[in-house]
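Since the structure comes first, as structure tokens, the remarks are kept for the end.
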Amino acid sequence: MSKKEVLMGNHATSYGVQLARTQVIAAYPITPQTQIVEELSEICARGDLDAKFIKVESEHSAMAATIAASKAGARAFTATSSQGLALMHELLFWAAYGRCPIVLCNVNRAMAPGWSIWSDQTDSLAQRDTGWIQIYCETNQEVLDNMIMAFKLAETVNLPVMVVYDAFILSHTYEPVEIPDISEVDKFLPPFKPKYKLDPSAPYTFDPLCTPDNYMEFRHIMEEAHEGTKKAYLDVAKDFSKRFKRKYGILELIDAEDADILLVTSGSMTSTTRVAVQQLRKQGEKVGICKLRMFRPFPTEALKDAIGNLNGGHRIEKIAVLDRNISHGGGGIWSKEIKGALFGMSTAPKVFSYHLGLGGRDITPDTIKEAYEHVKNNDQPKETVWIGLKR
């Protein structure tokens, strides 16, 4: 039977990795993810998980170890944050282009300098072109559930998956989490049985020199796999929902059926936005939320379909994208993706972009309402607007 415990987000990750019967864990500590691998080391030491726990000297080595383990046919996991993820950058390509179904937990932490241990999404979003699937979580329950689903998704499409959530807001905050019985997880997630692996009795060559005659074809095959990931995630989520009664999609619409304005969110800020929208609706405002869970592959078709089929065809007038990140010289990363996704849509709403919460600055209901009032009172979007600046 399942059980309910009060868990911090990091321990929700640890239990998800345990329930997935992960076979190799590469561990290097960095705040704010350290408790993930600390808890996993204790789980392994107690014998609750039969896994090879490898203590490495850097995040670069952690990713190298998981790639090697995956190539050898093992279910592999590691975790990191911020500068650690940046140090992995080279090997993220090797994992993805090598079609290794690794799962990585990245606890969103701002990039330095100035030195920061607090949350924003720039670290993970900066890895958007490495070929990894990226899933963003709102709650600790989503963290545990999507950790389990990530292994099944990765092994279905042979691509690595990054499960992402906010530093401290989730990583160190305790919430009630329902932990499924491992016997039920075993039915959902069978043992990893790769078609190709390092095996002296059946030798293969992995990742050799690739000439111009073949390179583009490899990239095209991988792009097809990414496009197939959207359906694969929905299939995995449907199976998960059937077994565990919790429903997931690549995006979620909240209070959107009669909305004129949608606030687009990701991660834990969605919970705060829910509160702000409830308050605004009590004042008669027609505002809703579009919560994006998947960043790579970007859910272009799902976004267009969701916006185009709201309100019986009534047009969404404006979208306010809330970006807890920055691409310097380019603006908000989510907003750029959304503008690109909606380009050419005949009934596309106007897209307004807002920077907020960088470096862990609080996002409150008033912060969200400030963005809403700005988009409501302006007819045309201009440059990205900064909410909550002290200068």
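L234 fails exactly one of the following numbered conditions: (1) closer than 30 Å to I182 by Cα; (2) aliphatic (A, V, I, L, M); (3) at pLDDT below 95. What is the number of that condition?
(3)
Could you check segment 146-168 and list, in sequence order, the residues that are buried (at least 24 other Cβ atoms within 10 Å of the Cβ) and closer than 18 Å to V6 by Cβ?
Answer for segment 146-168, where residues must be buried (at least 24 other Cβ atoms within 10 Å of the Cβ) and closer than 18 Å to V6 by Cβ: M147, Y165.
Mind counting the residues in segment 202-218 that are touching a Gly at 6+ places or on another chain (Cβ under 9 Å) and modelled with pLDDT of 95 or more?
0
When you look at I133, is it surrounded by 24 or more Cβ atoms within 10 Å (Cβ to Cβ), in contact (Cβ under 8 Å) with a residue 60 or more places away in the chain and of a type in the set (A, V, I, L, M, F, W, C), yes or no?
Answer is yes for this residue.
Please identify the pairs in which a residue from segment 53-78 that is assigned by TED's automatic domain parsing to the domain that holds Y196 has its Cβ atom under 9 Å from the Cβ atom of a residue that is among the acidic types (D, E), counting only partners at least 6 apart or on another chain.
Short answer, once both residue conditions are applied: H60/E90; M63/E90; K71/D207; A72/D199; G73/D199; R75/E155; T78/E59.
Report the residue count in segment 343-375 for those that are more than 20 Å from T270 (Cβ to Cβ) and not β-branched (V, I, T).
Qualifying residue count for the region: 6.
How do the pairs read when you match residues in segment 234-255 that are free of Cβ contacts under 8 Å to residues at least 12 places away in the same chain and closer than 15 Å to E142 by Cα with residues anywhere that are among the basic types (K, R) and part of a loop (DSSP other than H, G, I, E, B), using Cβ under 6 Å and keeping only pairs 6 or more apart or on different chains?
S241/K247
The values are calculated or read from the model by the stated rules, or taken from the named source; none is laboratory data. For clarity, every value in this text was computed on a predicted model and none was experimentally measured. Quick reminder, even Gly has a Cβ in these numbers, built from the backbone with ideal geometry, and neighbours come from all protein chains shown.
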